[in-house]
Each structure stands twice: as C-alpha cells, then as structure tokens.
Amino acid sequence: MSLQGRKLQTKTNGTDDKTYKGERSPCDPSRVLHIRRVPIEVSEAEVISLGVPFGKVTNLLMLKGKNQAFIEMASEEAAITMVNYYTTATPHVRNQPVYIQYSNHRELKTDNLPNQGRVQAALQAVNAMHSGNMTLSGTATASDGGMMPGQSPVLRLIVENLYYPVSLEVLHQIFSKFGTVLKIITFTKNNQFQALLQYADPMNAHHAKMALDGQNIYNGCCTLRVEFSKLTSLNVKYNNDKSRDFTRLDLPSGDGQPTLDPSMQTAFGAPGIISSPYPGAAGFAPAIGFHQAGLSMQTMPGALGPLTIPSSAMTGRMTIHGMAPTTIHSVLLVSNLNPESITPHGLFILFGVYGDVHRVKILFNKKENALIQMADATQAQLAMSHLNGQRLHGKVIRVTISKHQTVQLPREGQEDQGLTKDFSGSPLHRFKKPGSKNFQNIFPPSATLHLSNIPPSTTDDFLKDLFASSGYTVKAFKFFQKDRKMALIQLGSVEEAIQALIDLHNHDLGENHHLRVSFSKSTI
C-alpha cells in the first residue's frame, strides 16, 4: 500500500494520542516507521538521525502539529534492526523520549507535499555525514569509500585501576552518549577487565575514543583506555550480564549463565572482580556521580547523568555468580614466605601499594605464612592479583583470600614476638583521601620504580648511591623533565625492585622530605 502524504495528514488529524496507544499492537515489519511524541521544535535532521545508524533513510514526513513523524528506511532489514534496538533503549530527541513502531504503510510518497525540498536537503546532508566517507580529523579515507585502518566501528576498552565493578550497563550508558551502541562483549584478560563495543557508525567510535580515552568512570579510579579494534563486527551469541546484542532480543542467555535481574546486574563485574563492600569504609566511599576527577561531561551535548554505585553493590553481602562466598573477605593469606627475612612492617609496605593495610599477622608456629587484613575486599583482590606469584626474599609467594574475616590482635600477656601489628592508624596509608592521584598510579611490580617527594637539592648521584649502597643494581636513572620532585630508577630485576620498595619507601631524605616509592608502568 503506497501512502499519499495528504491522505495521511487527513487521516491522522482525526486521531488523538490515545488512538496510537491503542494501536500499538505490533504491525508486520515495514521499512516505514511511525514515531510518536516528537517535540514540536525538533528539526528534520534530528529525526533522520534516529534512523541513520541502522542504514540509509530514504524519506521523511513530519507532522509537527501532531508531534509525530514517519521515516522510511532503504530496507526492511534496517527498519527491523532499528525497532529491535529501540525496544531496549528508548530513543531521546531534545531530551524527550520518543516512541517508534512499524507503520501500516509500506512506503512514503511525499512528492507533492510542501516543505519536501527542505526534507530532501536534510536527508542528503545527514546521510552524507554518516556515510563513513567523511574524512576523520587527522585520518584519510580510502578513495573507494572503504574504511582506512583505525576507522572500525568496534572499540576495544580496558578499565584500569578497577576499584569498583564496571558493568555492561555502565559502559552502555557512557558510550551511548556518542551514538548507537549495537553490541557489547565484556571479558577478563591479563587480569584486566576489558570489553569490545560496536557502534552503528565508525564516526561514533571515533568521537567516543577522542572523548573518553584516559577518562575515569568513577572519581579517581576505573580509568578507561579506548582504542580501535581490528574487528569490524562482533558476533554475540548470548544476551546476559557479560555480552549483549541490542539489535537481537531473541538471543538465549546461555547455559549456566542466567541473565541477572537488572537491579542486580550492576553489582557484578567480570569474573574475578569483587562486588564492592562499602557500608561506608572511611576514606574509601565510592564517588557517587561524576566528580571533576571522574567522567565529567558537562561540556558535551547530552551530558551524562550521575552514575551511581547501586546499593546492592555496597552491601558487600553478595558474591559473584559462580564464585565462593569467601571472596567478599578482606583478609589475605600469604604463604611460602622466607621466615628468615620477613617482617610485619615489610608486608605492610609491599601490600600497601595496592590498598590500605590495617593488620598483619605472621603465624607463630608457621612463620612462612602470614595474614594481611586490607581496608576492604576490593583492595584485597587488587593486592592478590598483582602480588601472587611474585618473588620476595628469594621465594615465590602465594597470595589467596583467607577464610578469616579479621586478623585478631594478641591478648594481653600472650606471647607474640612482635609478629602481629596493627597499622590501622598508620600515616603511611596511600589511599586515605578519596580521589587521590594514587588511585590512578597502581601498576604491577616492575623493575622500574617511580620516586617522588624528592627535595630540590637532591642530586641523581645521591639517589643512585642510596639504592646502590642498599645492595641494589642501578641500571638507569632519570629525573622527570618538568618536575624534579619525581624520578624513575631502573633496578636489576623485578625482585630487586620489590625489595627496594620495601626498604626505601618513606626513607628520610632530609629537609622534612620522606621518599615515596611506587612501581612504574614506564621504562627508562
């Protein structure tokens, strides 16, 4: 059935919005889509933009008096993908929700209508802008209209400093601000939470990468690293809390991986990521909403609303699907220690790189084992993932979550030989201040150490001698060009660097300066 524009207007003028609500029984798929509740001030280009991510838009009819519009896609397949997508993600125009359904009509014929010249101009402009033939800033396009490398619609995301769980929903909320997100797959690789995310259009991927690379999702942590993927399309088999195809509502949730209740989904990260137990841990409460240090997008159109850590993630009474209940504990068991060399203070300094250590207990009868109580379970998980399998005092240490919930201090008069220490009030905690830069500088043990808080009069020779006289091999050293309060020093091995950090962190350099030592991600 073809559609004459004037007939349509006559027909529609006699209806009110109630009719359309009643009419919402699903029509057969059609490449003509009916859009309701369109804001009266909206432009043709804004309506066309709803359809363009899914394919070419071939025609448009605006019925501004009725707050309605009809758009015609080049193919029925594109229209089906669009309707499926917008069933799960309500589209917004000028911050108002609009509703899309199949029309009874098969095509739009609007040749004889006034204003169609303006519509055709808008169609050409928007389709051309989204065709992928635009030259991206700083990149060239292939002469045949194909994509050059670096213009894939698929982005690879890595979340560093993962202090709070980042769910598929959180990623969808953030990246949808830059265009239509079709598919997301999340996974853990190299102990890092990663995701692949496919936009409908490479331009959206380009803009998202430019805006979001290096931003923090939450205040001072969960840093996004965004790069183009070599893939040009994602194949999603299951719709669940780990993967989603927003254009396919019919996908199964996957064997043994039931889709979580939506209110629970954000409490879970990837396997190995702990749901955050925050009944209000002092100085470590989650940043509710985007602070300036977090992903603050006031400068961008359609700025992000505040992202909150759901209350379900704060209770800390849940465990991740398929993981043992012990994972919510904040006490670590460290085994295969060298009993001749280990001290509570040494363990406090080393594990303090990854969180605030409250108590350390070297076991009285088994001195190769120790219990370390961190400020919370997320910090314990972070320390475990970075330190398990590292060499300390010549032995490969093992770090696991303990079944104990706290480390008991010795009773008065009980013999302890100084093996149990309470560090909860220590001034050396690195993570007391919410939003501290220390959250952004957590890296695995490395042979290169980052030194900071260096007095202005200190020379490179003095610092090299300090490390060398303590028994370490200094391979390279350099001050930061812009800030001589900081430097990098490369030692003979990762094991040496671990030992040097324990020995020399907080070393008194005079002039009321104590040396701060961290692992670096850089090399010299």
Quick one: 3J(HN,Hα) in Hz for segment 91-100, Karplus 6.51/-1.76/1.60 with θ = phi - 60°, rounded, Gly and Pro as x. x, 10, 10, 6, 6, 10, x, 10, 10, 10
So the carbon and sulfur contribution to the accessible area of segment 340-432, 1.4 Å probe, in percent, is 46 percent
Return the carbon/sulfur percentage of the accessible area of segment 154-245, one whole number, probe 1.4 Å, all protein chains in place. 46 percent
Contact order normalised by residue count of segment 32-123, Cα under 8 Å, 6+ apart, percent: 40 percent
With the Cα gyration tensor of segment 154-245 giving a ≥ b ≥ c as the square roots of its eigenvalues, does the rule (a/c under 1.5 for rounded; else a/b larger than b/c for prolate; else oblate) give rounded, prolate or oblate? oblate
Is segment 32-123 rounded, prolate or oblate when judged by the Cα gyration tensor, a ≥ b ≥ c being the square roots of its eigenvalues, rounded requiring a/c under 1.5 and prolate requiring a/b larger than b/c? oblate
When ligands, DNA and RNA are left out and all protein chains stay put, how many square angstrom of accessible area per residue does segment 154-245 have with a 1.4 Å probe? 33 Å²
Would you mind pulling out the separation of the Cα centroids of segment 36-94 and segment 392-446, in Å? 56 Å
Per residue accessible area in Å² of segment 331-422, where ligands, DNA and RNA are left out and the probe is 1.4 Å: 45 Å²
Using amide H atoms built in the peptide plane, which far-off residues or other-chain residues are under 5 Å from Phe480 H to H? Met486, Ala487, Leu488
Charge-dipole axis of segment 387-455 as Lys and Arg at +1 and Asp and Glu at -1 on Cβ define it, positive-most pick from Leu449, Val407, Phe423: Leu449
Straight-line reach from Lys464: which lysines fall under 22 Å, measuring Cα to Cα and dropping same-chain residues less than 8 apart? Lys475, Lys478, Lys482, Lys485, Lys521
On the accessible surface of segment 84-125, probed at 1.4 Å, how many percent belong to carbon and sulfur atoms? 44 percent
Going residue by residue through segment 479-487, the Karplus relation 6.51 cos²θ - 1.76 cosθ + 1.60 with θ = phi - 60° gives ³J(HN,Hα) values, rounded to whole Hz and with x marking Gly or Pro, of 6, 5, 4, 8, 8, 6, 7, 10, 7
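The values are calculated or read from the model by the stated rules, or taken from the named source; none is laboratory data. Only a predicted model underlies this, so the values are computations on that prediction, with no experimental measurement involved. Positions of Cβ are backbone-derived with ideal geometry, glycine not excepted, and every protein chain shown enters the neighbour counts. The accessibility values were calculated without ligands, DNA or RNA, using every heavy atom of the protein model including side chains. Shrake-Rupley method; radii C 1.70, N 1.55, O 1.52, S 1.80 Å.
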